[in-house]
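These notes are about the structure you will find just below.
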Amino acid sequence: MTKSNTSVVASLRKLISEGRYPPGERIAELHVAEHLGVSRTPVRLAFRTLEQEGLLQRAGKRGYQVREFTDTDVLCALEVRGVLEGLAARRLAEQGLTEDVRMCLAKCIEDGHELLAKGYLEREDVTRWSEINETFHVTIVESTGSLVIADAIGRNNHLPFASADSIIIDTEALDREYRKLYFAQLQHQTVFQALCHGESARAEMLMREHAYIGMRYGELLNLDPNGASAT
């Protein structure tokens, strides 16, 4: 997706998580486009992406509505992803990293460090982080060579907020969100370290914990002004 499309997807995720578009409500391209100040094309593409993520579902021939789900559903889906990605990390640590995989993951760490080094976030940084994060996760899963794990994660990704790429970043509070991404970057570094040293149990544990970065760490890092955990 282009930066514009990615931004629309991120904005809609946030609006849905906040209840601005409640479960069961039909949403229209024109209304969303006017609300976000964009054309209908990126909104149309965003609807398709969010349908794949399980946040929207078809309502009639051309319309969409917000899918009904609970916080428990989201937490369970995150736990399943953590288990599956943890399994992938453990298997990868046991079989060892090829040089290509090592270089790819190291590049993700380097790019993440460069992105966060200035000590604050800009709006365009959110899209760049999404790209880095997706590459890191996909590389670990695909490098195991297990189609079973990849297929199971692919199925789980169709549940609301379950995919690694669906972490919500509040672009209106980038100063607070910086801390969440900084912590996510540290988790990437520790996972990479464990993989490099062949520490399979540690890599699995770290990857399972990393799955909760979007739902639990906002509360721990005081990112939610209302004191509630954020999805």
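The values are calculated or read from the model by the stated rules, or taken from the named source; none is laboratory data. This structure is a prediction, so every number in the text was calculated from the model and none was measured. We work out accessible area using only protein heavy atoms, side chains counted, and drop any ligands, DNA or RNA first. Shrake-Rupley method; radii C 1.70, N 1.55, O 1.52, S 1.80 Å.
What aspartates and glutamates could a cross-link reach from Lys61, if we take a straight Cα to Cα line under 17 Å and drop same-chain neighbours fewer than 8 places away?
Lys61 reaches Glu25, Glu29, Glu51.
Taking Cα atoms, how many degrees apart are the long axis of helix 123-143 and the longest axis of the chain, rounded to 10 and kept between 0 and 90?
Helix 123-143 sits at roughly 50 degrees to that axis.
Could you state the angle between the C-alpha long axis of helix 174-196 and the longest principal axis of the C-alpha atoms of the chain, as a value from 0 to 90 degrees rounded to the nearest 10?
Taking the Cα atoms of the chain, the angle to 174-196 is about 30 degrees.
Find the accessible area per residue for the chain; the probe is 1.4 Å, ligands and nucleic acids are left out, and the unit is Å².
Result: 50 Å² per residue.
Quick one: grab the alpha carbon gyration tensor of the chain, order the square roots of its eigenvalues as a ≥ b ≥ c, and give me rounded if a/c is under 1.5, else prolate or oblate depending on whether a/b is larger than b/c.
Prolate shape, in that a/c is at least 1.5 and a/b is the bigger ratio.
Rounded to a whole number, what % of the accessible area of the chain do carbon and sulfur atoms account for, probe 1.4 Å?
It is 50 percent, rounded to a whole number.
In region 127-167, how does Rg compare with the Kirkwood Rh, expressed as the Rg/Rh ratio over alpha carbon atoms?
Radius of gyration relative to Kirkwood radius: 0.98.
Suppose only helical runs count, i.e. DSSP H with n ≥ 4. What mean residue ellipticity at 222 nm does that imply for the chain under -39500 (n - 2.57) per run, divided by all residues and rounded to the nearest 500 deg cm²/dmol?
Result for the chain: -21000 deg cm²/dmol, rounded to the nearest 500.
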